[in-house]
Every structure is written in C-alpha cells, then in structure tokens.
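A.B. asks: Sharing a structure with you now.
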C-alpha cells in the first residue's frame, strides 16, 4: 500500500438466497436482476467492483440470458467482477457429507475455469450457520486459499482475531476472515455510512485493514447508486481511513503478503441456530439418500465399464447439481417456506432416479457377464458390495413365483454351502410372494453370486412370544410395562450396556422460531411417550424382531428392534406419526459409563465435543465412550443413523433429536398468526438407526465402516442362468488397514477416460494404506496424515502410472 492510513476494503456484493421466503423461479429472477444491476453500475462508475459467488447462479444466467453472461465474462477478464466461493452454492456447512462438499468445489471450480479461465481463490459462505472443522482441508485441496464467513457471531464464538489461520487436523489451513456486523446494507447513503462507521471500529493496532461488505442482499439487489456515491464521498474525506472499492482476493493477497503474526484456530466454527440441525426431516433424509445413492452408483458404473464394457453415467452431473443446489443453507437447514420443499423433493427425486437407473443398469451389466448355470430348483442371486472391504450385511429381497407354489427354502454359496434364510413379512398382500432375509458375506468392492434354493410353499413364521431376545452376543430385555429397554447385556464382556431404562421417547417444549435462535439446549421436558403395545413379531435363524408401539397425545411411535444372530449392530426401524407443534422429540440412551467422551462424525472427519447437553450437529454416527461403571474397562456406544443430524450428550446420556416442529420460515420477533401457522414435520416419517455397543473405542469397533454400510447399501437382485466369462465371486478394489476407506470411485470429469479413486483416513492417525485395484492390475501405496483425504487418478492407458491429484482432479 502507498498510504499509511488504515484501509477499509469495500466489498460490493448481494448475498442472494436463491430459495428462502420464495421458490426457485423467483430466485432465478433475482439473480438475473442483481447481475444486471451490477453490470449497469460498472458502466456508470468505472472504479466500482462487484463480488459474486455460486457457480449455479452463473450457469442459470448462461442458459437464460447468454448476452448478459458474455458481459460478465468481459468484466471478469478486466478484473472488476470477482468470482468468489468456488462452490456450486453457498451451502449449509454441517449437514452435507464430505464427498458432497468435495463435489461443491469440483463442479463449481471446474465451471469457473471452463467459462472464465480462472477459479475462485476465496471461499465464500457468509450466511451459513456453522462451519465444520474439516473444511480447511476440503477448501485447500479445491484450490481455495482464503475463507470469508460471518456466523458464528462474536457473541456465539470468541475468536482471537477477525483475521486468522484456520487449520484442519491434517495440517491444511486457509486464511479466514469473519465479517463484522453484516454482509449487506440498505439502499441509502445513510445506511451505507452507518455501516461503514461500524466497520471502522474493527481497525486497531493488530488489524489496520478490514473488509466492509455492502449492497442490498438476501433477495438480491446489490450495491445501489446511493451506496457507491456515498463511498466516493467518504473516500474523499481527510478524516476517514483509505476507503477502497475492492475485492476479497485483493484484501487477502495484501495481508498475506505482509506475513502478519496472525493466530491459528484449530477448531470448528460453531454455533448459530441449533434448531437447523433437526429442521425438516424430509429434506435431511432426501439429502442423505441422494448422496449415498450417487456415490454407490458411481462405483458400480465405474466397475461395470471396466469389467463388462458397460457405458453408463449419463445424467450423473445433473443429479449431483440437483443435490448440491438443495444443500443451499436455507433449504437444507429447513428455514425456507413450505412450498420450497416441494421443489426440493422433486429435484432430489430426479437425482435419485438418475442414480438409481445408473446403479441398476451397471449392476445388471456385471451380473449378465457372470457364468451361472440354469437349475430348476434354484434361482441365482447376485449381490454387489460397494465398499472396498469385506462386508457382512443383511440382504432382504422379495421373491415372486406365479409359476408354482415353490417358496424360498435356503441360500447356497458358490461352493454349495447352506446358508439359512428367514421368511419375513412380505411387502405385498398377494399370494405367491415372499420376502426373505439372510446374512451375506461379500468380497471387497465386488460381488458374490448365491443361489436361492426353492422348497415347499410356506409362510413367514412370525412370533408372538416374550419380548426377550438372546443371541451369542446380546441379551436384550424390554420392560413389559413401559416398552423401554430394561437390560442389554454384552455377553463378550459380560457387562450391562445401559445404566437405566433406555430408548425412552422424550417430548421437549420448544417455543423458539424456525432457526431455534437463542437456546443452546433443548431440554425442557414436558412429557414422554407411553407404551401402547409390545410384542416379539419375528424369531428365526437370521433375526428376532421386537415391536414397541407407544403414543403421546395423538402422535404414535413404532420401533422394530432387530437383533441379528450374526451381526453386531442392533438395528431399529422407526415409523413415526408426529402431530405435536412447537415440540421436539428425542430418544435417550443412558450408557453405563464414567468420564464419558462424545465424538461426532463431521464431513470427512470427526469432532470431539463436551458432554454438556448442548445441541450439536453430527452425521452418520455419534459415539459415547468412557470407563464402564462395573468393569472399569474402556467401553462405549455408537449410534448409527440413515438421516438424522442433531444430537446431544449430557454426561453419559446420549440423545438423538428425532423431530422438531416449529412454524415454517418464522423469524423472531415476527408475531405468529394462529390461523395461518403451518408447522413443520407433521405426519408420517420413517427412518432407521442402530445401536453398536463396543469394548474399546469407536475406532476398534468399526463404527465408521458400519455407518457407511448402513447408508450406502449393498445391492442384490435375483437373476437367471446364463453364460458368461466372469467368475461367481470377484473383488475389484480393496483397501487396508481398517481406518482407511475408499469414498469415491468414479470416471474423471473430463473426457480422458481416466478413473478417479478417493480415500480418507478415519481414525485421526498417520497411516500407510494400500489400495489394491484388481480390475486395473494396480496397487496404490498411500501415506495419509490424520483425517487426510487423498485422491488418485488412474490413466486410461494401462501403461501410464497412477498419480496423485487434488480434489479438482488436477496433479
């Protein structure tokens, strides 16, 4: 800088909530109107600069108004229009899975590079409600060096400075800046001057350059003439600091070049609006299902192309864009209007339909290449494992036989060994249809062809016995009066898992607004579900099922506790009809521990947090581990789920927030109208969770892999006899050791024909891993730091060596 004055970088922008109190069509129009206004202001004021994020917005303009898009390209080229963010949208930064956040950057940065010849260097999530501690690694490996955010505010989290190095567990860091006060202003000169004077208060001996964001935002608009002319007038004043029309990159490059002694923050950036972790069960579950289905489909399609010559994957890019768009913070956080979730439902449905078709085609293409003889007494059963480790999982399939009265009898493996199956309640109420369950042992990222052997007609043997289940691993007993778990004994260590009645459904009073502004905990208990009925409804060689039905007011909760003979997790399939308003429903598990520690999965990582009862975001698993009260040994409980994101741990009591029912899009202090209020999450929802008690820590328990298996399910189909050149059992990718997982196997984004494989260290320890790519006749030896993500590219030409790339698939 040529001036010795403190510097205020004026960042002209328009935070655009493309969906919030309006739906997507209006959001598209506000993007176009805002961009048009910014371009017009550039014609009028040559020194004006404008910053805008979100590749999705640019793609809409490119598609809808090509001439405006060309104008933007010209302004970007001359340096007056700053591309920021690098992601597809400004998403919620707690709820998307790690791979989804990778795709935010992969699709966003590649789009910017292809259309503008440059990528964003500044991450830009100014309105997101919290930021997972794993983000610096994802940002840096996506070409992003700097990060701008506003929440949590100073009263929500104390930081050593507004400007600091933000560091992830494996050492990646970005230079981060917390916006003071607001990311937008009103349209008038008075609003601008008042905001600027507030930002000036941030100047001090430790910080002589700050950013001040201005422009009409949320519903778009951007900087106004009055804003710009006020800045020009203030910049001319002798008593003001140097006031510059600037960009976020100019600010960061300048302070970075000065090598200031800035503090380092090695932590997550939380909390703001804790109700958002549970809002709108539907969009949360759609997001999880779509993410899981897409990565499973990609793996299957990649394998099918390699070993069966199948060409698939059409539409996957659009499917990912649908998912990424719905991760916009006001959509995925559940803070938009009710009608917005009709659009989210439909676009999630499109994504899952595309992924489902791709997965089905790929699996059937591989199955069709397996040589299987025709036999009158049996049907081939093809099972595909999408995970790069051996998986033992339950498979549940329907069998329909209108040709005869033969029913499923048992399963045979490729060597003719008998595997017991169990007939369970059919999904249909038609004769000659059966549903059966068995435990499959599947090779790493590969398949096994079993045989479903047929026998005489029979129906599912359902049980009406005692609600006591005993296996070699567990003794599970329910209280016949309350329906709660009275005892769960782990027979391996001969210890009781719980310190009191477990699985209790607790109703919490919650008068707060949609965001849940204000409270750090939801703990004002006003009631509990009461038992309606309990019975053992299944008992057989594969599993026993105890159904517990309870009620509160007009709400009904039905839980099927499934104990498998040969699997450790106790699975619980839940059907909930929720009719409460301004209430929260939690499930409680008091674990028999002392000195408990709580660990939560976060995007591509984990976070240990205090056991103080505060509401916290988590993903596919949460764990409580400590010293067992009786044995003194290290013991714990992992809770796995397929679509919940809100939890708390109080001492050794683990709670999962099942549902929260505020009014849609209500922000305090706006008064509510009793005749117009529409409450969230009314009616029926289904989800699954699982209890995984364990000796030792969650690392030794295999918690991470079990949670992934629960969400990214093995695929099974009944086939027919046919010729083929593939064997009955095959494995294509395997990773060791157990703390490393392969999270993505996909075709490269360009047209090279290369394959991309991504792995992640899950236990927080430096590790040497081996990835055996049998289908490519390659082995990757990987050195990973704690929680590190690594990506490799396998060239289409077998003669070329595998090489490491970043998350954008670049060397």
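The values are calculated or read from the model by the stated rules, or taken from the named source; none is laboratory data. Just so you know, these numbers come straight off a predicted model, no measurement behind them. As a convention, Cβ positions derive from the backbone with ideal geometry for all residues, glycine included, and neighbour counts pool all protein chains shown.
A.B. asks: Kindly evaluate residue 428 against the criterion of being out of contact with any helix residue (DSSP H, G or I) (no Cβ under 9 Å at 6 or more places or on another chain) and outside any strand (DSSP E or B).
C.D. replies: Numbers: out of contact with any helix residue (DSSP H, G or I) (no Cβ under 9 Å at 6 or more places or on another chain): yes; outside any strand (DSSP E or B): yes.
Considered against the rule, which asks whether it is out of contact with any helix residue (DSSP H, G or I) (no Cβ under 9 Å at 6 or more places or on another chain) and outside any strand (DSSP E or B), residue 428 comes out as yes.
A.B. asks: In addition: Give the residues of segment 40-57 that are in contact with a strand residue (DSSP E or B) (Cβ under 8 Å, 6 or more places away or on another chain) and not in a loop (DSSP other than H, G, I, E, B), sorted by residue number.
C.D. replies: 41, 42, 50, 51, 52, 57
A.B. asks: Still on this structure, I have one more. Which members of segment 245-276 meet the condition of being part of a helix (DSSP H, G or I) and within 24 Å of residue 167 (Cα to Cα)?
C.D. replies: Selection gives 248, 249, 250, 251, 252, 253, 254, 255, 256, 257, 274.
A.B. asks: Also, I was wondering about something else. Which of the residues belonging to segment 481-494 are touching a strand residue (DSSP E or B) at 6+ places or on another chain (Cβ under 6 Å), closer than 18 Å to residue 638 by Cα and at pLDDT 95 or above?
C.D. replies: Keep residues of segment 481-494 that are touching a strand residue (DSSP E or B) at 6+ places or on another chain (Cβ under 6 Å), which gives 482-490, 493.
Adding the requirement that they be closer than 18 Å to residue 638 by Cα leaves 485, 487-490, 493.
Correct list: 485, 487, 488, 489, 490.
A.B. asks: Here's something else I'd like to know. Limited to segment 13-38, what total is found for residues that are crowded, with 19+ Cβ neighbours inside 10 Å and in a helix (DSSP H, G or I)? Let's see the steps before the verdict.
C.D. replies: Going through segment 13-38, the residues crowded, with 19+ Cβ neighbours inside 10 Å turn out to be 13-20, 27, 30-31, 34-35, 37-38.
From what's left, in a helix (DSSP H, G or I): 27, 30-31, 34-35, 37-38.
Count: 7.
A.B. asks: Go through segment 761-793 and give me each residue that's more than 29 Å from residue 145 (Cα to Cα) and outside any strand (DSSP E or B). Reasoning before the result, please.
C.D. replies: Keep residues of segment 761-793 that are more than 29 Å from residue 145 (Cα to Cα), which gives 770-779.
Within segment 761-793, 774, 775, 776, 777 meet the criteria.
A.B. asks: I'd like the full set of residues that are touching a residue at least 60 places away in the same chain (Cβ under 8 Å) and either exposed (fewer than 12 other Cβ atoms within 10 Å of the Cβ) or closer than 18 Å to residue 604 by Cα (or both), limited to segment 762-783.
C.D. replies: Matches in segment 762-783: 762, 763, 764.
A.B. asks: Show the residue pairs that are 6+ apart or on different chains and have beta-carbon atoms under 6 Å apart, the first residue being within segment 692-703 and surrounded by fewer than 19 Cβ atoms within 10 Å (Cβ to Cβ), the second being part of a strand (DSSP E or B).
C.D. replies: Hits for this filter: 695/635; 696/634; 697/625.
A.B. asks: Residue by residue through segment 721-739, note down the ones that are in a loop (DSSP other than H, G, I, E, B) and modelled with pLDDT of 95 or more.
C.D. replies: 723, 724, 725, 727, 728, 732, 737, 738, 739
Residue-wise test of (1) in a loop (DSSP other than H, G, I, E, B); (2) in contact with a helix residue (DSSP H, G or I) (Cβ under 9 Å, 6 or more places away or on another chain).
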{"position": "638", "(1), (2)": "no, yes"}
{"position": "647", "(1), (2)": "no, yes"}
{"position": "668", "(1), (2)": "yes, no"}
{"position": "685", "(1), (2)": "no, yes"}
{"position": "694", "(1), (2)": "no, yes"}
{"position": "706", "(1), (2)": "no, no"}
{"position": "709", "(1), (2)": "no, no"}
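A.B. asks: Considering only segment 652-659, I want to know if a residue exists there that is over 30 Å from residue 695 (Cβ atoms), within 19 Å of the chain's Cα centre (by Cα) and outside any loop (DSSP other than H, G, I, E, B). Give the steps one after another, and end with the answer.
C.D. replies: First pass over segment 652-659, keeping only residues over 30 Å from residue 695 (Cβ atoms): 659.
Filter once more, keeping what is within 19 Å of the chain's Cα centre (by Cα): 659.
From what's left, outside any loop (DSSP other than H, G, I, E, B): 659.
Yes: one or more hits.
A.B. asks: For segment 78-116, which positions are outside any helix (DSSP H, G or I) and within 19 Å of residue 35 (Cβ to Cβ)?
C.D. replies: Here is the first cut: in segment 78-116, the ones outside any helix (DSSP H, G or I) are 79-97.
Hits for segment 78-116 are 79, 80, 81, 82, 83, 84, 85, 86, 87, 88, 89, 90.
A.B. asks: State yes or no: is residue 796 farther than 23 Å from residue 700 by Cα and part of a loop (DSSP other than H, G, I, E, B)?
C.D. replies: Working: farther than 23 Å from residue 700 by Cα: yes; part of a loop (DSSP other than H, G, I, E, B): yes.
In short, yes.
A.B. asks: Is it true that residue 669 is without any contact (Cβ under 8 Å) to a residue 24 or more places away in the chain and over 19 Å from residue 273 (Cβ atoms)?
C.D. replies: Considered against the rule, which asks whether it is without any contact (Cβ under 8 Å) to a residue 24 or more places away in the chain and over 19 Å from residue 273 (Cβ atoms), residue 669 comes out as no.
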